[in-house]
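Okay, so here's the structure we're looking at.
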Amino acid sequence: MSQPTVASALDLVAHELDALVAAVRDADQTPFERALDLLAGADRVFVHGAGRSGLALRMTAMRFMHLGLDTHVVGEVTTPAIGSGDVLVVASGSGTTTGIVQAAQTASDVGAHVVAISTTDDSPLSAVATVTLVLPAATKTDRSGTASAQYAGGLFEQGVALLGDALFHTLWTRGDQTADDLWPRHANLE
C-alpha cells in the first residue's frame, strides 16, 4: 500500500463529496424547495450550529447577508430575539445535539420556522423542524468508515457548506439582483 498523500486525500474528499451531491440531487427536492420558500419569505434569518457545522453555517449567513437578507448568527452579542416570521437554520449531523435541538424548540415555540440540516429526518431535531434537509453523510460519532472515510463528520460539515452555497445561489439566481448589486454589502472594514 502506498503512503497517503495530500493528492490522495483530496481525491477521497472529492469522491465523497461527489457521491453526497449526487444523492442530494437525486433525492426528493420538495424539502429543498420548501426551505427556499421559507428563506425567501423570512423577515429575518438566524443560523445556529455547533463546532465545524456552526462554522459552515456562518459562511452561509455571510452569503445570505450579501443577498440582502436580514441575517444573524446565534450567540453573537448583537443577535436579537427570534420571533414569528423568522427562520432559524440549524445543522446537526445526528439531530440530537442538545443546544441545537433546544434552540430549534424555542424558535418553534415563538412561531419561527426551523430549517434543519442533518444526516437523518428521524431525530429530535427533525421532530421540531418545519423542514429537514438530509445530507447522507456520517455523523461525528460514526467511526465505522461506512458512510465516510473522513474523520468525525468531516463530510457532513463540508456538505453543510456546499448546501449553504447552493441555497444562496438558487435564491440569488431566482431573484433580480446582479453581482454588482450584492457587492456593496461586502465588508469594507477589513
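Here are the numbers for the structure shown:
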{"read-out": "Residue that is under 16 Å from Leu36 (Cβ atoms) and surrounded by 20 or more Cβ atoms within 10 Å (Cβ to Cβ), where the choices are Ala129, Ala107", "value": "Ala129"}
{"read-out": "Residue tally, condition assigned to a helix (DSSP H, G or I) and at pLDDT below 95, over the stretch 166-190", "value": "0"}
{"read-out": "Qualifying residue in the stretch 129-137 (condition: modelled with pLDDT under 95 and not basic (Lys, Arg))", "value": "yes"}
{"read-out": "Which numbered condition Leu163 misses (of (1) farther than 24 Å from Val101 by Cα; (2) modelled with pLDDT of 95 or more)", "value": "(1)"}
{"read-out": "Filter result for the condition that a residue is in contact with a Ser or Thr (Cβ under 9 Å, 6 or more places away or on another chain) and modelled with pLDDT under 95, over Ser2, Ser8, Ser108", "value": "Ser2"}
{"read-out": "Residues of the stretch 1-29 that turn out to be part of a helix (DSSP H, G or I) and open to solvent by less than 90 Å² (accessible area, probe 1.4 Å), as a count", "value": "14"}
{"read-out": "Conditions (1) open to solvent by 40 Å² or more (accessible area, probe 1.4 Å); (2) of a type outside the set (Ser, Thr, Tyr); (3) more than 14 Å from the chain's Cα centre (by Cα); number of the one not met by His169", "value": "(3)"}
{"read-out": "Checking Arg34 against (1) over 19 Å from Gly159 (Cβ atoms); (2) open to solvent by 40 Å² or more (accessible area, probe 1.4 Å), the condition it does not meet", "value": "(1)"}
{"read-out": "Residue match in the stretch 64-80 (condition: open to solvent by 40 Å² or more (accessible area, probe 1.4 Å), in contact with a Phe, Trp or Tyr (Cβ under 6 Å, 6 or more places away or on another chain) and in contact (Cβ under 8 Å) with a residue 12 or more places away in the chain)", "value": "yes"}
{"read-out": "Residue within the stretch 135-143 that is farther than 25 Å from Leu69 by Cβ, out of contact with any Ser or Thr (no Cβ under 7 Å at 6 or more places or on another chain) and free of Cβ contacts under 8 Å to residues at least 12 places away in the same chain present", "value": "yes"}
{"read-out": "Filtered residue count, the stretch 37-47, keeping only those that are open to solvent by 40 Å² or more (accessible area, probe 1.4 Å) and not in a helix (DSSP H, G or I)", "value": "3"}
{"read-out": "Test: residue in the stretch 173-180 that is in contact (Cβ under 8 Å) with a residue 12 or more places away in the chain and either aliphatic (A, V, I, L, M) or buried (at least 18 other Cβ atoms within 10 Å of the Cβ) (or both)", "value": "no"}
{"read-out": "Evaluation of Ile117 against (1) in contact (Cβ under 8 Å) with a residue 12 or more places away in the chain; (2) hydrophobic (A, V, I, L, M, F, W, C); (3) part of a helix (DSSP H, G or I) (one fails), failing number", "value": "(3)"}
{"read-out": "Options Ser53, Ser84, Ser94; residue that is within 28 Å of Ser148 (Cα to Cα), part of a loop (DSSP other than H, G, I, E, B), touching a residue at least 24 places away in the same chain (Cβ under 8 Å) and not charged (D, E, K, R)", "value": "Ser94"}
{"read-out": "Residue count for the stretch 148-161, restricted to those that are open to solvent by 50 Å² or more (accessible area, probe 1.4 Å) and in contact (Cβ under 8 Å) with a residue 12 or more places away in the chain", "value": "1"}
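The values are calculated or read from the model by the stated rules, or taken from the named source; none is laboratory data. Since this is a predicted model, take the numbers as computed values, not measurements. With ideal geometry, Cβ positions are generated from the backbone for all residues, glycine too; neighbour counts draw on all protein chains shown. We work out accessible area using only protein heavy atoms, side chains counted, and drop any ligands, DNA or RNA first. Shrake-Rupley method; radii C 1.70, N 1.55, O 1.52, S 1.80 Å.
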